[in-house]
Amino acid sequence: MKEVDNMSIQPILATLTNLEKMHTSLLSLVTEKTTMIKEGDMPALDQVLKDEQSHLAAIVQIENQRQQAVTDYLKQQGRNVLETPTISDVIEIVQSADEKKDLTEAKDRLLHVIHDLKWQNDLNQKLTYQSLQFVNLSLDMVRPQQDALNYSETEIKGSKETTKRPTFDSQA
């Protein structure tokens, strides 16, 4: 049973720290993206989007590592492992008050960064939508109105009464 008690939460804390670092880096990119959207700098925005994608791929990889570390820990503690094990699952069973505190603080820091990231992404989405509305409004102002350019069928052929009138009078 001593082996179970000595099982370290360090791999879990390490993945949480890495996730926090990657999310913080992503947050700075997303904040930079806000500036690019406001300035309309499309080449810089394109580069930020590419950087964002590589961050997201790294986050997915680290998240998989976190899930594996939590799964390993829970199994070594003799616990059932859910499909997607959480840090809260580990916090519930950790005996050491210091380890509970470390895990809780790491989880809270990560959740705080994720909350900020969500807020910034929402802002970017609103700015992008407003930019799109402005572009559409500008296009509507520049584009000619459809009915002003097109003639109706009646205007082209005349009224039905005039089209039924023969052009050649055979009785004359």
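Just one of Leu82, Leu27, Leu49 is outside any helix (DSSP H, G or I) and out of contact with any Lys or Arg (no Cβ under 7 Å at 6 or more places or on another chain); which is it?
Numbers: Leu27 fails: outside any helix (DSSP H, G or I); Leu49 fails: outside any helix (DSSP H, G or I).
Selected residue: Leu82, the only one of Leu82, Leu27, Leu49 that is outside any helix (DSSP H, G or I) and out of contact with any Lys or Arg (no Cβ under 7 Å at 6 or more places or on another chain).
Can you name the residue in the stretch 45-102 that is of a type outside the set (A, V, I, L, M) and touching a Leu at 6+ places or on another chain (Cβ under 7 Å) and is also nearest to Ile9 (Cα to Cα) among such residues?
Step one: of the stretch 45-102, the residues of a type outside the set (A, V, I, L, M) are 46-47, 50-55, 61, 63-68, 71-73, 75-80, 83-86, 88-89, 92, 95-96, 98-102.
Next, from what is left, pick out any that are touching a Leu at 6+ places or on another chain (Cβ under 7 Å): 51-52, 55, 63, 66, 85, 89, 102.
Working: Asp51: 31, Glu52: 30, His55: 25, Glu63: 16, Arg66: 11, Pro85: 14, Asp89: 12, Asp102: 9 Å.
Out of the qualifying residues, it is Asp102.
Would you pick out the residues in the stretch 7-49 that are closer than 19 Å to Asp122 by Cα, free of Cβ contacts under 8 Å to residues at least 60 places away in the same chain and of a type in the set (Lys, Arg)?
The answer is none; no residue qualifies.
So which residues in the stretch 96-121 are touching a helix residue (DSSP H, G or I) at 6+ places or on another chain (Cβ under 7 Å) and either assigned to a loop (DSSP other than H, G, I, E, B) or among the basic types (Lys, Arg) (or both)?
Lys100, Lys107, Arg109
Filter the stretch 13-55 down to residues that are of a type in the set (A, V, I, L, M, F, W, C) and closer than 30 Å to Val94 by Cα and give me whichever is surrounded by the fewest Cβ atoms within 10 Å (Cβ to Cβ).
Quick first cut of the stretch 13-55, residues of a type in the set (A, V, I, L, M, F, W, C) only: 13-14, 16, 19, 22, 26-27, 29-30, 36-37, 42, 44-45, 48-49.
Filter again for closer than 30 Å to Val94 by Cα, leaving 13-14, 16, 19, 22.
Numbers: Leu13: 18, Ala14: 15, Leu16: 23, Leu19: 22, Met22: 20.
Restricting to residues being of a type in the set (A, V, I, L, M, F, W, C) and closer than 30 Å to Val94 by Cα, the top hit is Ala14.
The numbers here are math on the coordinates, done by the rules we state, and not lab data. Worth saying up front: this structure is predicted, and the values here are computed from it rather than measured. Here Cβ is always computed from backbone atoms with ideal geometry, including for glycine, and neighbour counts include all displayed protein chains.
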